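Here's the structure, in structure tokens; my notes come after.
Rule-based calculations on the coordinates, nothing more; no lab input. Everything quoted here is computed from the prediction, not taken from an experiment. Heads up, the Cβs are rebuilt from the backbone with ideal geometry, glycines too, and the neighbour counts pull from every protein chain shown.
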Amino acid sequence: MSGLEKFYTHARADQPLVCLTASSAPMAQSLAPHVDLLLVGDSLGMVLYGLPSTQEVTLEMMKAHGAAVVRGRDAAGISIPVIVDMPYGTYEASDAQALETARALIEASGADGVKLEGGLRMASRIRAITDAGIAVMGHIGLLPQSAPDEGGYKIKGKTPEGVTRLLEDGRAVQEAGAFSVVIEGTIEEAAAEITQALSIPTIGIGASAACGGQVLVTEDMLGLLHGQKPKFAKEYKTLRNDISKAAQAYAHDVRIGAFPSDAYLYKGSKK
């Protein structure tokens, strides 16, 4: 059973789908046994590279990280789909551009599909890609790639008109052939209504427990990042503190001459 087939099977079961982001082989190998889908999100530009937004992420970055995650998934021996974000500026101009980018990502990474942001206005892009046999995950609601142009990250669906637009976006993505759709940064009632209206699985992030599944940025989930975090990002660990303590202990051992000790050195006979 392929990763996407397994995803569909789990989506039909009465249990929420579990998704996390990954950007490296070791992380993917560790996460794969516990999730239904790995997303190589363009959030890596911010959480790994320290970029101000996802708009600065390049196609080459997504190719490289996508391939790394696929290798990690394969090393884990787990059949789950790896989906790679299409970067800002690589698909919006035309259907032809979108298809060219999707093909390049799949060819370079070996991933199972791509994700792009936008609803009704991106429906023809999704259709062009799916018609070519490439799986597409949609993304509606708060769109991080557009946030800098909108003056920041703004919650969607706060008005009846806003909910109507979100429903139109969700239906357009579904009708264009997407196998699933991420709903991000909406009021809970809007996400629940969209989930009820669609037949494809909805994956929430800052949306609603009523969605068909949930996704988080793994670095948020692990508590790796410094500074302000989104309201929806629950930290299951605070690894930034563990990393700091480990580095402190290492530095101490080196400075007092305790590391490397004999246990960490190669010994040979003297001639």
Mind listing the phi-derived Karplus ³J(HN,Hα) values for the stretch 180-195, rounded to whole Hz, using 6.51, -1.76 and 1.60 with θ = phi - 60°, and x for any glycine or proline? 6, 9, 7, 10, 10, x, 10, 5, 4, 4, 5, 5, 5, 5, 5, 4
Given a 10 angstrom Cα cut-off, can you work out which residue in Gly223, Gly110, Gly77 is the most mobile in a GNM of the chain? Gly77
Could you pull out every residue, at least 5 positions away or on a different chain, whose amide H is within less than 5 Å of the one on Val182? Hs are placed 1.01 Å off N in the peptide plane, and Pro or chain starts have none. Gly138, His139, Ile140, Ile203
Looking at the chain, what % of its DSSP beta bridges pair antiparallel, to the nearest 5? 5 percent
Ascending count of other beta-carbon atoms within 10 Å, so fewest first, for Val18, Val57: Val18, Val57
For Gly223, enumerate residues with amide H under 5 Å from its amide H, sequence gap 5+ or separate chain, H modeled in the peptide plane. Tyr236, Lys237, Leu239
Mind checking the full-extension length gain between Leu120 and Leu265? Use 0.36 nm per residue of separation minus the Cα-Cα distance, one decimal, nm. 46.1 nm
Which lysines does Lys6 reach when only Cα atoms under 21 Å apart count, and residues fewer than 8 places away in its own chain are ignored? Lys115
Quick note on Met62, Met122, Met1, ordering by fewest other C-beta atoms within 10 Å, gives Met1, Met122, Met62
Sorted by Cβ density within 10 Å, fewest first, the residues Glu188, Glu107, Glu92: Glu107, Glu188, Glu92
Between Leu225 and Thr164, what is the label-point separation in nm under the 7 Å Cα-to-beta-carbon projection? 3.4 nm
What net charge do the residues around Ala172 carry, taking every other residue with its C-beta under 14 Å from that of Ala172, with Lys and Arg at +1 and Asp and Glu at -1? +1
Spin-label pair Tyr236/Glu188, simplified geometry with 7 Å Cα→Cβ offset, distance in nm: 2.1 nm
Quick check: residue separation of Ser79 and Ala96 times 0.36 nm, minus the Cα distance between them. What number comes out in nm? 3.1 nm
Once phi for every residue in the stretch 108-120 is put through the Karplus expression 6.51 cos²θ - 1.76 cosθ + 1.60 (θ = phi - 60°), the whole-Hz ³J(HN,Hα) values, with Gly and Pro written as x, are 6, 9, x, 5, 8, x, 10, 10, 9, 9, x, x, 4
Listed residues His139, His65, His34; largest mean-square fluctuation, Gaussian network over the chain with Cα springs below 10 Å, found at His34
Net charge near Leu239: determine it from the other residues with C-beta under 12 Å of the C-beta of Leu239, scoring Lys and Arg +1 and Asp and Glu -1. -1
Under the Karplus curve 6.51 cos²θ - 1.76 cosθ + 1.60, θ = phi - 60°, whole-Hz ³J(HN,Hα) for the stretch 54-68, x wherever Gly or Pro sits: 7, 5, 8, 6, 9, 4, 5, 4, 5, 4, 5, 5, x, 5, 5
Farthest toward the dipole's positive end in the stretch 3-238, which of Thr21, Ala172, Gln55, given Cβ charges of +1 (Lys, Arg) and -1 (Asp, Glu) about the Cα centre? Thr21
Can you list the residues, at least 5 places off or on another chain, whose amide H is less than 5 Å from the amide H of Lys115, using H built in the peptide plane? Val84, Asp85, Met86, Met137
Summing +1 for each Lys or Arg and -1 for each Asp or Glu, what net charge is found among the other residues whose Cβ lies under 14 Å from the Cβ of Ala111? 0
Rounded to the nearest 0.05, what FRET efficiency is calculated for Lys6 and Ala251 with R0 set to 35 Å and r the Cβ-Cβ distance? 0.20
